[in-house]
Each structure stands twice: as structure tokens, then as C-alpha cells.
């Protein structure tokens with residue numbers, strides 16, 4: 001079933017519109033413009049610039065620079081610290097977090113693929129986001145058989161090839177967002193969370209409880225990011241209100 005995501009222009013007062021139980025999802029188209037990437041380089045740290053310059057081809061370098069620059073500009077608006085003065089650390093699985101920039105307990109997550117970046121921000125709750133370009137060629141049936149739960153794999157195998165590929169990306173982005181919310185890599189649990197698709201969201205069912213014997217509390221919503229991009233956002237609370245904002249290069253300058 002098709003799902004529509006309503007993207008809007010952001011409000012002026014971003015900080016006061018981000019409360020517990022809310023998620024702000026930002027959509028930023030990516031391109032191969034060296035001029036655009038050059039503009040965002042000024043916001044990056046020395047370590048980020050070194051990382052960017054390690055890319056051997058222009059496209060992934062521009063993608064990294066623009067995505068990271070937009071993230072810094074967004075966080076600056078929320079926490080009131082200049083973009084270049086924000087400091088990040090990473091968890092063991094590589095998930096970045098903001099180092100004591102303010103008393104505002106903001107959490108965020110970033111995903112990008114060919115042509116599109118998504119950034120999710122929350123207040124207090126852990127969050128994860130993912131986006132995929134659906135026109136890429138993947139061995140969806142083989143991947144599902146190897147990494148998804150038996151029920152998910154059987155369901156996808158019952159579909160026509162075109163529908164199966166589309167549904168595969170819904171599953172993949174939902175699982176990826178959920179695992180990123182937990183701070184885990186995809187090797188640690190693609191088959192351990194089982195997704196049930198509903199018209200407006202996913203339901204998450206874990207095949208294994210957490211260390212306390214309780215099921216994880218999570219809300220997981222799928223996203224139509226564009227005609228060629230789908231995604232999902234996960235937040236560590238029982239229900240969430242999600243707002244979808246369009247990024248424009250001039251909107252926060």
C-alpha cells in the first residue's frame with residue numbers, strides 16, 4: 001500500500017517545537033555540485049575535512065561534506081552553538097552524538113544515499129533513521145533469505161519481482177533505523193526484529209527480549225522521501241509525533 005509523507009517548510013522556532021515524544025525529520029536533496037560542497041566545508045571540523053578528503057571520487061566526498069554541514073547548521077539552530085564549534089563523539093558502533101554543547105538533551109541520527117539525506121532530531125529519546133535509493137539493483141530475495149526472519153523472507157518471496165523489491169526496501173530501512181536507534185550495526189540483529197507493515201507505520205516485534213526480559217519500546221514510521229527514495233525513522237518511545245521539514249540551503253543561513 002502506498003504511503004504519503006507530507007513535507008513542509010520549517011517553523012521559525014525550532015527549539016520550542018521539539019518536545020519529548022516528537023521527532024523532526026529533515027529532507028535534504030544531494031547533488032554533485034562542487035560549489036555547494038565548498039560552501040559547507042567551512043562548517044566542518046579539521047577531522048571531518050580529513051575524512052572528506054580521503055574519498056577518492058567527487059560524489060561521495062560532496063555527499064559527506066554537504067550532509068555533515070547541514071547537520072551542523074541544524075544542530076546549531078536547535079542548541080544555540082555556532083556550527084563550527086559543535087563537537088561530536090561516536091559510540092562503539094559509530095553512531096555520533098553531541099558532546100555537551102548545551103543543557104538541551106538533543107539526540108540525532110543521519111542517513112544518506114544517492115541523491116538524498118535524511119536527518120532526525122529528538123528530545124531525550126534515542127532515534128535512528130535510514131534512507132535508500134530504490135532504483136539501485138539488489139539481490140533482494142537472496143538478502144532476505146540470508147538476513148531477514150523466516151516469516152519476512154517467505155512473505156517477500158510470495159510477491160512479484162517489482163513489488164518484492166519495493167517492499168524489501170521498506171523492510172530494510174525499517175530494520176536499519178531500528179538498529180541505529182539502538183546504536184547497533186546491521187550485523188547484530190536484522191533477523192532479530194520482525195516488522196509488520198501497516199498503512200501509516202511499522203509495528204516492531206522482537207524475536208528476542210532485552211537483557212531485562214522486556215520487549216523494547218519503539219515507534220517506527222516509514223517515510224516517502226521522494227519518487228526514488230524511501231526510508232524509516234525509529235524513536236525509543238511508545239508513540240511519537242513526527243514532523244517532516246524540507247531543507248533549503250538558504251533557510252538557516
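The values are calculated or read from the model by the stated rules, or taken from the named source; none is laboratory data. Just so we're clear, the structure is a prediction, and the values are computed from it rather than from any experiment. Neighbour counts run over all protein chains shown; Cβ positions are idealised from the backbone, glycine included.
Here are the numbers:
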| quantity | calculated |
| --- | --- |
| Filter result for the condition that a residue is surrounded by 19 or more Cβ atoms within 10 Å (Cβ to Cβ), under 13 Å from the mean Cα position of the chain (by Cα) and modelled with pLDDT of 90 or more, over 131, 65 | 131 |
| Members of region 137-192 that are in contact with a helix residue (DSSP H, G or I) (Cβ under 8 Å, 6 or more places away or on another chain), at pLDDT below 90, surrounded by fewer than 20 Cβ atoms within 10 Å (Cβ to Cβ) and outside any helix (DSSP H, G or I) | 138, 185, 189, 191 |
| Candidates 15, 44 - the one that is assigned to a loop (DSSP other than H, G, I, E, B) and touching a helix residue (DSSP H, G or I) at 6+ places or on another chain (Cβ under 9 Å) | 44 |
| From 29, 60, residue being surrounded by fewer than 17 Cβ atoms within 10 Å (Cβ to Cβ), free of Cβ contacts under 8 Å to residues at least 12 places away in the same chain and either under 24 Å from residue 223 (Cα atoms) or within 22 Å of the chain's Cα centre (by Cα) (or both) | 60 |
| Test: residue in region 102-120 that is touching a residue at least 40 places away in the same chain (Cβ under 8 Å) and in a helix (DSSP H, G or I) | no |
| Residue among 33, 42, 9 that alone is on the phi < 0 side of the Ramachandran plot, at pLDDT below 95 and in contact with a strand residue (DSSP E or B) (Cβ under 8 Å, 6 or more places away or on another chain) | 9 |
| Test: residue in region 8-24 that is touching a residue at least 12 places away in the same chain (Cβ under 8 Å), surrounded by 12 or more Cβ atoms within 10 Å (Cβ to Cβ) and under 30 Å from residue 163 (Cα atoms) | yes |
| Selection count where residues are touching a residue at least 24 places away in the same chain (Cβ under 8 Å) and assigned to a helix (DSSP H, G or I), scope region 32-41 | 6 |
| Set 20, 60: member being modelled with pLDDT under 95, assigned to a loop (DSSP other than H, G, I, E, B) and farther than 23 Å from residue 250 by Cβ | 20 |
